[in-house]
Each structure stands twice: as C-alpha cells, then as structure tokens.
Amino acid sequence: MSSLIPGYEYDIFISYRQKDNKYDGWVTEFEGNLRKELEAAFKEDISVYFDINPHDGLLETHDVDASLKVKLKCLIFIPVISRTYCDPKSFAWEHEFKAFMEMASNDRFGLKIKVPNGNVASRVLPVRIYDLDIEDIRLCESLLEGPIRGVDFIYKESGINRPLTPEDNETRNLENTKYRNQINKTGNAIKEIISGLKSEPAYLPGDKTLLHDPAMKEGSPNKKDVKVSKKTFDHKTVRRSLVFIITAFIIITILSFLIFINRQPSGKRIAILFSTDITSDTSFRYVGDIYAETIHSKIKAIKRITVKPRINMLQYRESEKPLANIRQELSADYLLYGNIERDNNDIKLWFTLISEKHDKELWSKEYQWDRNMISNNSTEIVHKVADYLKSGLSSEELNTIESDPSANAEATLNYTIANAISYNAWSSYAMGNRLLESVSFSSAISSYDKAIENDSLFAEAYAKRAIARSWGYYTGQLDSTHIEKCGADINKALEINKELPDAQIAMGFYYYYCEKNSLKNALYHFRIASEKSPGDYQPLFYMAMVYRKMGEWAKSQNLIRKVLVLDPQEALYLTNIGTSYTYLHNYDSALIFYQKAIDIMPAWPDSYNNMIVVLLLRSGNTREARSILDKALTNTKDNFSEIKIQLLIYEKKFAEALKETEISPFSEFRYKGDKYLFIAMINRYLNKQLEAGINFDSALVSYEKDLQTDSINPLLHSLAGIAYAGKGLREKALQEADKTRDLFKDNIGNEGLELINLAYIFTMTGEYDKAISTIEYLLKTPSLFSVKMLQLDHAWKPLMELQAFQKLIVKYS
C-alpha cells in the first residue's frame with residue numbers, strides 16, 4: 001500500500017528497538033491499536049511500515065542505503081523512545097532516526113509543516129515509553145533540535161517506571177494518563193500532520209506540475225488535451241496573456257517569498273542588559289531599569305523576535321564577564337547592551353547591538369539623559385533592532401511600538417518607573433534576595449500614585465498598583481490595610497477598561513494572596529486573563545500553581561504542559577515546574593527543568609539546591625549530589641550550609657556535620673532555631689544527650705518566639721514539635737503535631753517538610769504506627785519523600801527493625 005501523497009512509500013514509519021518488544025510485545029500491541037485508531041480517524045487507508053520481523057532487511061548486514069531509501073520515504077516518523085532507543089551506536093538511532101531527519105529536512109515538505117490550526121508541527125512524532133535519564137533526553141533533543149514533543153505512554157508509581165498498558169489504572173498512575181486516551185492522542189496528532197501535509201502546495205522535485213490537480217497528471221483519464229487554433233492568437237490576446245502571466249508570476253513569487261520567510265526559524269532571540277557606574281547616586285539608580293522596562297515592553301510586541309526575560313539579566317548586573325560570554329550564556333542571538341556613564345554634570349547612555357556572528361557590533365549610538373525623551377529614544381532603538389534583525393513590522397506592531405501606555409508623558413514615565421521597581425521587588429523576593437538588593441513595593445506604589453495623579457483614567461496603572469499591593473502583602477512588606485486598597489484599584493481598572501487582562505490577573509492575585517480560602521476565585525480570574533491573552537503563558541502558569549495548591553495535580557500538570565508548548569524562559573518558572581515533577585516523584589523530568597533553569601541563571605542557588613534534593617530522592621547517591629554541590633559553589637555566591645550538613649549526616653559523618661553546623665552563621669538557615677535543631681539532632685546521633693538537650697531547648701525558645709508573630713505557620717509548629725520531642729515532652733510534641741495537621745488542611749497541595757516533620761515527631765515519641773502510616777502516605781502521594789531518602793536518614797533508625805517498616809521499603813522500592 002502506498003502513501004496518501006504521491007512520491008512517498010508509506011504514510012507512517014514506526015521505529016523501535018527489538019529489546020523494547022521482547023518482554024511483552026508492547027510495540028507490536030501499540031502498532032495494532034494505532035492501526036485500529038487510524039481506521040476510525042481516516043476515510044482513506046493509512047499505510048504503516050512496522051518491522052515486526054527482526055530479520056526483515058533493515059539490518060547491519062544489508063545494504064542500508066538501498067533499504068532505507070524506499071522504506072524511510074514516509075510522511076510521519078514515529079520513534080518509540082526508550083532507554084535502549086537513545087543509543088547512537090544502535091541501528092534504529094543511526095540508520096532510521098538520523099536518516100529520516102536528514103531525508104525529511106531535504107524533501108519538498110521539510111521537517112516542520114504548518115498544520116490546520118496555524119501551529120507548526122514536526123513530522124517526527126515521538127512516542128515515549130520510559131522516563132529518560134538527562135543524558136538520553138539531551139541526546140534526543142540535540143537530534144530533534146528542540147524538546148521531545150510527542151505522546152507519552154508511561155506508567156509511574158513510586159519506584160515504578162515502565163510502559164503504559166491497556167490494563168493500567170489511570171487513578172494509580174502518577175502521570176494520570178490512560179492507554180486508550182494516549183492512543184487517541186497519537187491518532188489525532190497523525191491526522192493533524194497529514195492534513196497539514198495535504199494542504200501544502202506539493203511539487204515533484206524538478207517539476208512545476210501541481211500534484212493536487214488530477215487533470216494535469218501524465219496518463220490521467222481527466223488530462224485535458226488542448227488543441228491550439230491559430231486564429232485565436234491575435235496580438236491583443238498575446239499581450240493580454242503575457243500581462244496576465246507576468247502578473248500572476250509576480251504575485252506567486254511574492255506569496256512564495258512571504259510563506260518562505262514565515263516558515264524560517266526566527267533565530268532572533270535578544271537579551272537586554274544594562275550596566276552603570278553611577279549606582280551610588282540614588283537619583284539615577286533606576287535609569288537602566290527604566291530603559292530596560294520600556295525597550296523590553298516595545299520589543300515584546302514584535303512577534304518574530306523573542307526577548308529574554310528581564311529576570312534572567314539580574315545575575316549580570318555587576319558582572320565583569322565579556323559581553324560575548326554573557327550573550328552565549330543567555331543563549332541569545334543578539335545582545336542589546338546599554339551603559340550609563342557620568343561625564344561631569346551630564347549623564348550619557350551608550351547603546352550597542354551585538355550579533356552572534358563573530359560577536360560583531362552591528363550598531364551603537366550615544367544618547368543624552370533626558371527624562372522627557374525616554375519613550376522617543378526607546379522607540380528609535382527598537383526600530384533599529386527590528387531593522388538589523390530584519391524583522392518586518394506589521395501595522396499592529398508599529399502602533400504598539402510607537403504608542404505609550406498613557407497620553408500623558410509624565411504618567412507614562414512614572415508608570416514605567418513603578419513597573420521596574422515592582423518587578424525588581426518581586427524578583428528580589430522570589431530569588432531570595434541573592435541576585436538583587438532588597439527593593440520596596442512601597443516605592444513602586446508611590447510611583448504608581450504619581451502616574452495616576454498625572455492621568456486619573458490610567459487603567460493599567462490601577463491594575464499594576466493592585467498587583468504590587470498583593471505581592472507586597474504576601475511578602476510581608478505591606479500590612480493588611482492594602483487588601484482593601486488592592487480591591488479598590490482593581491474595581492477602578494475594570495470600570496475604566498473592563499477588557500483589561502492585567503485587571504483579571506490582579507484579581508487572581510488578590511484572591512490567591514489576600515483572601516483566605518478563595519483559590520477557586522483566583523482560578524476563575526486567571527482563566528479569564530488567559531482567554532483574553534491566549535499567547536501569554538503567565539496566566540496558564542498561575543492557574544497551574546493554584547491547582548497545585550488545591551491538590552488537583554492532574555489539572556495542574558495539564559496546564560504546565562500547555563505552558564511548556566509556549567517555551568517559557570524564566571528560571572523561576574522552570575524551577576517551579578521542576579518542583580511539580582519532584583512532588584509527583586517524576587525525578588527524571590524534574591532534573592531536566594532544574595538543569596534548564598541552571599542553564600538560564602547559573603548564578604541562582606535555588607535550582608542547584610532543588611537538583612541535589614532530587615538526586616537524593618531518586619537514587620540516594622550522595623556522590624552525585626556532591627558533584628552538583630561543587631558546581632553550585634563555583635557558580636554562585638551561596639555557601640549551601642544546610643546541604644553540606646545534610647549530606648554529612650546522610651554519610652554518617654556526624655562529627656564533621658556538627659563542626660559544619662557550628663561554624664555556619666544563623667543567616668544560612670531558614671529560621672534561627674534550625675541551627676540549634678541541627679546541633680541537637682547530631683548530638684543525639686553521637687549519643688551526647690546533655691548537649692542535645694541544651695540545643696533542643698534553644699531551638700524551642702527560638703521557634704516559640706517566631707510563632708508569636710506567625711502563629712498559623714504549620715512548618716514552625718512542626719519544628720517546635722520536634723524540639724519538644726527531643727526534650728522528652730511527649731504530650732506537647734503531639735499537641736504541636738495536631739496543630740500542624742489542622743493548619744495543613746488548607747494547604748493540601750504542598751505536602752512537603754511539614755508532613756515529614758510529623759513522621760519525625762511520631763518516631764521520636766514512640767508513636768511508630770502513626771509514623772509508618774504517615775511515611776506510607778508520603779510515599780504514595782505527591783510529596784518530597786522517597787524510599788531512598790528513608791534509607792539515607794539516620795532519624796528513622798528506631799523504625800528499621802519493625803516488620804511494617806521493612807514491608808514499606810519492599811512495597812515502594
């Protein structure tokens with residue numbers, strides 16, 4: 001059976017390793033079920049090449065080129081991605097996968113085609129049947145030149161990673177997928193790709209005959225036999241014909257060119273970076289931020305240019321690295337570098353546009369500082385960037401670039417200043433104040449106040465001021481009086497412009513951060529924002545985080561997949577996505593996103609910290625963890641004291657752990673009491689009961705002081721419970737455990753350290769049944785816990801000999 005499109009041998013080629021079919025015939029069953037799905041999806045018969053016979057002919061002993069030239073000439077290539085498939089030495093990888101990539105890239109359709117919904121899809125449709133190691137994923141992504149976007153047939157429980165089968169229960173599968181649904185997804189993806197291919201204007205190589213016109217095919221019964229009469233060819237007819245042909249040719253040429261340029265990969269990723277030598281002068285501290293904010297917002301309007309998030313630039317604010325290195329580390333094709341210098345009483349701004357090609361300087365210009373010229377100068381700079389990046393601007397893009405948020409220049413300036421301060425304040429908090437000096441939300445609100453004084457109908461300023469208020473309240477910088485003001489700002493923004501997406505985002509944050517038990521309301525408004533801005537992944541990400549907090553993991557992960565399609569580049573987002581996979585015990589995927597976050601922001605410590613934790617959860621291998629720790633210590637300014645201490649404890653090097661804890665400053669710990677608690681626990685392991693008691697007491701005093709100002713914090717109550725248990729005050733320890741559990745009911749989607757601490761309390765107080773019950777709950781539900789971590793931690797020693805504990809280890813290993 002030939003392909004639906006002439007010139008191709010098969011519609012689909014399924015590539016796999018025989019090793020993946022030997023155990024239970026999974027690939028054979030998949031191929032059979034896929035054929036049934038395709039029969040229901042297509043009116044026509046779909047031809048599928050599937051090498052069911054291991055001696056079919058595509059073997060190392062045969063003429064590979066002759067065999068593959070025919071069989072690989074297909075529309076869609078489906079590699080069954082497994083641990084064994086990702087092997088450059090294997091036949092399937094080298095002579096099927098790589099060969100198809102090369103052949104498809106050079107045939108008349110190309111590797112990527114436009115599908116009916118307007119998106120671009122690859123003719124390679126991966127079917128992944130195992131979570132892969134990082135090295136395998138990188139290998140696949142390097143060949144695909146992008147992420148593995150296909151359909152996953154993976155079944156996961158704690159300690160289980162295998163291909164999904166028709167008999168599997170989706171409720172027990174941490175991937176929340178059902179075999180039948182995944183088959184349907186595969187069939188739908190194939191139909192979409194083939195529909196896209198059939199709508200392409202397909203020409204035979206070297207032939208100008210349209211294949212879609214059956215009347216023009218050689219030997220067709222519908223072929224038109226045209227006879228020419230001389231008298232029909234007068235001079236006027238010839239001239240009219242020539243004019244028509246030439247005009248048609250010009251139109252087709254122009255359209256073809258437009259289609260061509262729109263199908264090219266943009267290769268236009270730009271980063272915007274500012275440095276200054278006048279940081280000590282507070283009058284000009286935000287000059288670079290103002291320009292960065294203005295230019296960033298204008299360049300974002302150009303669809304064919306991808307601008308790197310400003311948060312990624314924070315690590316380079318005071319960097320002395322060469323600009324070429326910074327551009328490379330940011331994976332940017334271009335770098336727009338701004339430098340601000342004082343020349344006597346004048347402030348000068350230098351802008352330079354640098355290209356990846358030999359790090360060539362494409363353009364540069366000097367500007368005098370003039371607060372009234374920020375918008376005009378920024379517009380000129382963006383036009384220069386668009387010109388040099390050869391990005392033609394649509395009328396809509398031109399309008400966005402050349403217009404300002406407000407007709408009042410002073411309002412626009414203050415609004416821009418406020419946005420920069422608010423963004424930096426949130427980034428400072430989110431990054432643990434490590435990459436940026438502490439910035440105040442109060443300062444941002446003051447600038448929004450000025451913008452609104454200048455333009456009382458400035459809807460965007462009201463919405464952004466509301467967001468700043470909710471962020472400030474959540475971070476503890478602003479008091480509760482701002483909750484009511486936040487609501488008033490949102491109402492005013494919607495009164496002025498009811499269609500404003502930022503007003504819906506502001507409402508989402510209001511319910512998420514300011515109102516207790518209002519997560520469903522937050523979800524509702526983030527969803528509206530997403531509908532109003534379909535190309536923006538931020539509302540989708542916010543919705544995913546809300547669902548996660550609600551404990552609705554399947555819905556959260558579904559939204560995260562949609563976010564990933566839009567290719568987020570913020571390290572903060574990628575780390576959060578990695579955290580979701582960590583909770584779901586999908587450690588391989590978590591490692592991928594932590595690594596991506598590290599690649600984007602190598603100076604940010606949190607991604608390294610998370611990666612170390614995942615390596616311990618996955619394999620319990622402290623050597624692997626130390627390898628990442630060494631890189632983290634080299635690339636960041638963090639000491640990673642808690643990680644160092646924990647690794648020493650896991651390695652049973654208690655004396656070294658005690659020394660490391662004692663020399664570490666209190667600032668290295670989340671709470672002051674944590675240092676005392678570490679010292680107490682280590683002394684307990686060393687059987688130094690007196691020293692342990694003294695430090696349990698110090699930890700308790702510290703935690704009780706913290707609880708006076710944060711009485712509904714479940715983590716603090718759980719830590720106080722451990723300190724009480726260490727002091728031998730069993731009843732008080734169990735009371736703190738009850739308080740922790742009660743407070744935790746409102747936070748079911750983030751069952752992290754609190755529940756682990758409950759298990760510690762139960763173990764230390766002799767409540768072994770409760771300890772084992774809590775541990776099992778952590779192992780079978782989303783959590784930051786695993787069997788490997790259980791085996792590492794000396795704290796669980798009292799449980800080790802219990803039969804119920806041993807059964808637990810076997811069950812979840």
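The values are calculated or read from the model by the stated rules, or taken from the named source; none is laboratory data. Not measured: the values here are computed from a predicted model. Virtual Cβ from ideal backbone geometry, glycine too; neighbours counted across all protein chains shown.
Going through the range 349-383 one residue at a time, which ones are more than 18 Å from I299 (Cα to Cα), in contact with a strand residue (DSSP E or B) (Cβ under 8 Å, 6 or more places away or on another chain) and either among the acidic types (D, E) or in contact (Cβ under 8 Å) with a residue 60 or more places away in the chain (or both)? Passing the criteria: L349, E356, E361, E366, W369.
All conditions in (1) among the aromatic types (F, W, Y); (2) modelled with pLDDT under 95; (3) within 30 Å of E624 (Cα to Cα) hold for F744, with the sole exception of (3). In the range 536-549, the condition of being in a loop (DSSP other than H, G, I, E, B) and in contact with a helix residue (DSSP H, G or I) (Cβ under 9 Å, 6 or more places away or on another chain) is met by at least one residue. Looking across the range 365-414, the residues that are within 29 Å of the chain's Cα centre (by Cα) and part of a helix (DSSP H, G or I) come down to V382, V385, A386, E396, E397, T400, I401. Could you go through the range 773-783 and let me know if any residue there is in contact with a strand residue (DSSP E or B) (Cβ under 8 Å, 6 or more places away or on another chain) and part of a helix (DSSP H, G or I). Checked against the condition, which is being in contact with a strand residue (DSSP E or B) (Cβ under 8 Å, 6 or more places away or on another chain) and part of a helix (DSSP H, G or I), the range 773-783 yields at least one hit. When you scan the range 309-321, do you find a residue that is touching a residue at least 24 places away in the same chain (Cβ under 8 Å), surrounded by fewer than 21 Cβ atoms within 10 Å (Cβ to Cβ) and more than 22 Å from A430 (Cβ to Cβ), even just one? No, that holds for no residue.
The set of residues from the range 82-134 being touching a residue at least 12 places away in the same chain (Cβ under 8 Å) and assigned to a helix (DSSP H, G or I) comprises F91, A92, H95, E96, F97, K98, A99, F100, M101, M103, A104, I134.
Scanning the range 785-808 turns up one or more residues that are in contact with an Asp or Glu (Cβ under 7 Å, 6 or more places away or on another chain), assigned by TED's automatic domain parsing to the domain that holds Q689 and closer than 27 Å to R548 by Cβ. Among the residues in the range 686-704, are any under 38 Å from the mean Cα position of the chain (by Cα) and touching a residue at least 40 places away in the same chain (Cβ under 8 Å)? The answer is no, given that none of the residues of the range 686-704 is under 38 Å from the mean Cα position of the chain (by Cα) and touching a residue at least 40 places away in the same chain (Cβ under 8 Å). L523 meets each of the listed conditions (1) crowded, with 24+ Cβ neighbours inside 10 Å; (2) aliphatic (A, V, I, L, M); (3) under 24 Å from the mean Cα position of the chain (by Cα) apart from (1). Can you find a residue in the range 498-516 that is out of contact with any strand residue (DSSP E or B) (no Cβ under 8 Å at 6 or more places or on another chain), surrounded by fewer than 22 Cβ atoms within 10 Å (Cβ to Cβ) and of a type in the set (S, T, N, Q)? No, the conditions are met nowhere in the range 498-516.
Within the range 675-692, the residues that satisfy the criterion of being in a loop (DSSP other than H, G, I, E, B) and within 15 Å of K659 (Cβ to Cβ) are L686, K688.
If you go through the range 650-678 and keep only what is among the β-branched types (V, I, T) and within 16 Å of A699 (Cβ to Cβ), you end up with just T661.
Apart from one condition, E624 fits all of (1) under 28 Å from E320 (Cα atoms); (2) touching a helix residue (DSSP H, G or I) at 6+ places or on another chain (Cβ under 7 Å); (3) among the acidic types (D, E); (4) assigned to a helix (DSSP H, G or I); the exception is (1). Give the residues of the range 392-424 that are at pLDDT below 85 and buried (at least 19 other Cβ atoms within 10 Å of the Cβ), sorted by residue number. Result: N424, single match. For the range 760-776, the set of residues classified as touching a helix residue (DSSP H, G or I) at 6+ places or on another chain (Cβ under 7 Å) and not basic (K, R) consists of Y760, I761, F762, T763, M764, T765, Y768, A771, I772, T774, I775, E776, listed by residue number.
From the list I645, I649, which one is more than 23 Å from Q569 (Cα to Cα), in a helix (DSSP H, G or I), in contact with a His (Cβ under 8 Å, 6 or more places away or on another chain) and of a type outside the set (D, E)? Lay out the reasoning, then the answer.
Numbers: I645 fails: in contact with a His (Cβ under 8 Å, 6 or more places away or on another chain).
Among I645, I649, only I649 is more than 23 Å from Q569 (Cα to Cα), in a helix (DSSP H, G or I), in contact with a His (Cβ under 8 Å, 6 or more places away or on another chain) and of a type outside the set (D, E).
Count of the range 705-719 residues, restricted to those that are over 24 Å from E656 (Cβ atoms) and either touching a residue at least 24 places away in the same chain (Cβ under 8 Å) or basic (K, R) (or both), is 9.
The rows are residues; the columns are (1) within 23 Å of W553 (Cβ to Cβ); (2) among the hydroxyl-bearing types (S, T, Y).
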{"residue": "L729", "(1), (2)": "no, no"}
{"residue": "R741", "(1), (2)": "yes, no"}
{"residue": "L753", "(1), (2)": "yes, no"}
{"residue": "I761", "(1), (2)": "no, no"}
{"residue": "T765", "(1), (2)": "no, yes"}
{"residue": "E776", "(1), (2)": "yes, no"}
{"residue": "L790", "(1), (2)": "yes, no"}
{"residue": "F805", "(1), (2)": "no, no"}
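Take the residues in the range 154-191 that are among the acidic types (D, E) and surrounded by 15 or more Cβ atoms within 10 Å (Cβ to Cβ), then tell me which one is farthest from I14 (Cα to Cα).
Selected residue: E157.
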